[in-house]
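Since the structure comes first, as structure tokens, the remarks are kept for the end.
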Amino acid sequence: FNPVMCENIPLDESRNEKLDQLQLEGLKYIERNEEKMKKLAKILSQEKTTLQKINDWIKLKTDMYEGLPFFSKL
């Protein structure tokens with residue numbers, strides 16, 4: 001998900017017209033990508049299998065040790 005905005009608006013913008021523009025563009029993006037959003041919601045709400053949980057744990061540990069062999073840090 002990477003919406004294309006019609007102009008770059010800074011994160012600290014506070015003008016109501018710019019905030020309204022961002023909101024409108026966001027709503028249009030959601031409408032155009034409704035099926036993708038539904039698919040994402042379905043995927044994110046699924047329970048992970050035990051194997052997926054183990055794979056996630058191994059990846060987390062590997063990332064924590066910056067690519068060093070996993071078993072060397074057990």
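The values are calculated or read from the model by the stated rules, or taken from the named source; none is laboratory data. These figures come from a predicted structure and were not determined experimentally. For neighbour counting, all protein chains shown are included, and Cβ atoms are generated from backbone atoms with ideal geometry for every residue, glycine included. Side chains are part of the model used for accessible areas, which takes the heavy atoms of the whole protein and leaves out ligands, DNA and RNA. Shrake-Rupley method; radii C 1.70, N 1.55, O 1.52, S 1.80 Å.
A helix-only calculation puts the chain at -19500 deg cm²/dmol for mean residue ellipticity at 222 nm, using -39500 (n - 2.57) for each DSSP H run of at least four residues, averaged over all residues. Membrane-span-like helices in the chain (whole DSSP H runs, Cα extent of at least 18 Å along the helix axis, mean Kyte-Doolittle hydropathy of at least -1.0): 50-64.
Taking packing as the residue-averaged number of other Cβ atoms within 10 angstrom, the listed peptides 25-37, 43-55 run from highest to lowest as 25-37, 43-55.
Surface exposure of region 16-67, expressed per residue as accessible area with a 1.4 Å probe, stands at 91 Å². For semi-axes √(5λ) of the Cα gyration tensor in Å, one of (i) 39, 20, 9; (ii) 28, 12, 11; (iii) 25, 11, 8 was computed from the structure I shared and the rest are decoys. Which label? Evaluating semi-axes √(5λ) of the Cα gyration tensor in Å on these atoms matches (i).
Annotation: lysines with alpha-carbon distance below 23 angstrom to Lys48 (same-chain offsets under eight excluded): Lys36, Lys38, Lys39, Lys59, Lys61. Here the accessible area is traced with a 1.4 Å probe on the protein chains. For region 1-60, carbon and sulfur cover 58 percent of it.
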